[in-house]
Amino acid sequence: MASTAQNFMKLFRGSSRGTEAAPPVPQKLTRRSSGLGELARLWDSETPLCVLDLGSTSAANIRFFTERGHKIYSEDLLVASTEPGLVTKDEEGKVVLDSRQFLADNLQYPAAHFDVVLCWNLADYLDESLVRPVMGRLWSVLKPGGVLLAFFHTKDAGPDSPCFRFHIVGKDMLETQRIVLKRETRRGPTGAIHTAVSDGFRLQRVFNNRHIETLFRDFASIKFFLARDNVREVLVVR
Amino acid sequence: MSAPLSVDLAQIGRSVVIKGELSGSEDLYVDGQVEGSIGLKNNSLTVGPNGQVKASVESKVIIVQGKLEGNVLASDRVELRKTAVVTGDITTQRISIEEGAYLKGKVDIQGKTDKAAGK
């Protein structure tokens with residue numbers, strides 16, 4: 001009897017030990033990006049651009065920009081935000097992340113340094129205490145006239161929307177790949193192993209249009225593109 | 001993972017800690033800790049999976065499996081393996097990055113003509 005029950009549970013848990021299948025490879029999907037397409041005219045610039053990619057380290061993105069003679073900076077802020085040393089308490093005793101320390105450790109660039117910042121879906125998954133300070137820093141490291149591309153889920157996406165990494169595969173084409181954090185890939189810049197996250201980053205909030213406008217209120221202009229996959233793409237210009 | 005075998009290969013084992021300037025004319029495999037600078041202009045540097053290098057590095061080929069903190073200048077190529085954690089700017093002719101590698105820094109691809117012109 002016990003074996004019948006165990007076999008029944010295996011349907012949900014997967015195969016038993018000894019016949020374990022290899023871990024699933026994160027599925028890659030290709031999608032069109034209107035926001036990225038809007039930036040395409042910049043990539044042909046004769047003058048080398050400075051591009052900051054805030055997503056997971058992507059060989060495709062590095063290749064895309066370096067092939068065109070541009071300089072790319074890579075900094076995975078979501079992984080950096082899992083650094084255990086950032087955890088502190090605010091005046092009310094609530095557990096927050098230390099935004100001052102975070103900005104002392106990350107996004108250390110001269111003012112007005114970048115032509116383009118690829119923010120991807122950072123704001124949706126970043127801890128609440130870091131969102132505004134990070135956007136403030138991004139404003140200052142962007143050149144006047146520089147552009148920031150960000151993605152935001154709509155409420156229809158649901159609270160369990162997985163976090164993706166984005167690979168540029170064409171001027172307006174992205175390959176999206178679900179982030180599955182393995183133990184060895186959870187090492188932050190200090191080499192610490194993070195155990196706070198189980199299999200990925202969780203959606204922290206859903207911004208509506210007004211929230212997004214407020215978030216980028218210091219920028220000169222904002223443009224929205226609604227995609228089919230419950231994602232709003234936003235281009236803001238400093 | 002064992003170190004790659006080569007006729008002219010120096011190895012720094014995982015229990016070894018070195019502070020200072022390292023230079024040479026043979027390939028180097030670091031699985032321990034090095035702090036300072038590493039100069040192997042015509043050879044390769046491999047940072048093994050247990051390696052922790054906190055140094056500016058100049059080499060022909062640089063392969064990273066462990067942790068490297070510092071600016072990197074490779075006259076030929078840089079390879080970041082899936083377990084690599086690199087913090088620093090990379091200047092090279094070619095770069096390959098495996099999925100899972102972590103990079104915090106700038107990537108600057110320079111052709112031979114760029115270097116000759118001193119760009």
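Only the coordinates and a few stated rules stand behind these numbers; no lab work does. Keep in mind it's a predicted model, so treat the numbers as computed, not measured. A quick note on method: Cβ atoms are made from the backbone with ideal geometry, for glycine too, and the neighbour counts reach across all protein chains shown.
Brief remarks follow.
- Dipole magnitude of the range A:13-166, debye to nearest 20 (Cβ charges: Lys/Arg +1, Asp/Glu -1, about Cα centre): 440
- Shielding by other protein chains, A:52-62, mean Cβ within 10 Å: 4
- Unsatisfied cross-links (Cα-Cα over 18 Å) in the set B:Lys67/B:Lys104; B:Lys54/B:Lys104; A:Lys71/B:Lys104; B:Lys19/B:Lys67; A:Lys71/B:Lys60: A:Lys71/B:Lys60
- Peptide-level mean, for A:71-83, of C-beta atoms on other protein chains within 10 Å: 3
- Cβ neighbours within 10 Å from other chains - mean over B:93-106: 6
- Summing charges over all other residues whose Cβ lies under 12 Å from the Cβ of A:Ser140, with Lys and Arg as +1 and Asp and Glu as -1, gives +2.
- For B:Ala84, net neighbour charge (Lys/Arg +1, Asp/Glu -1) across residues whose Cβ lies under 9 Å away: +1
- Our note on the geometry: Cα centres of the range B:23-93 and the range A:131-154, 33 Å apart.
- Relative packing of A:116-122, B:82-88, B:17-23, A:90-96, which averages over residues the other C-beta atoms within 10 Å, highest first: A:116-122, B:82-88, B:17-23, A:90-96
- Per DSSP, loop GluC sites (Glu not before Pro) in the range A:46-82 with at most 11 further Cβ within 10 Å: A:Glu46
- Nonlocal amide H pairs with A:Cys163, under 5 Å, H built at 1.01 Å: A:Ile179, A:Phe201
- Whole-number Å³ per residue for the convex hull built on Cα positions in chain B: 92
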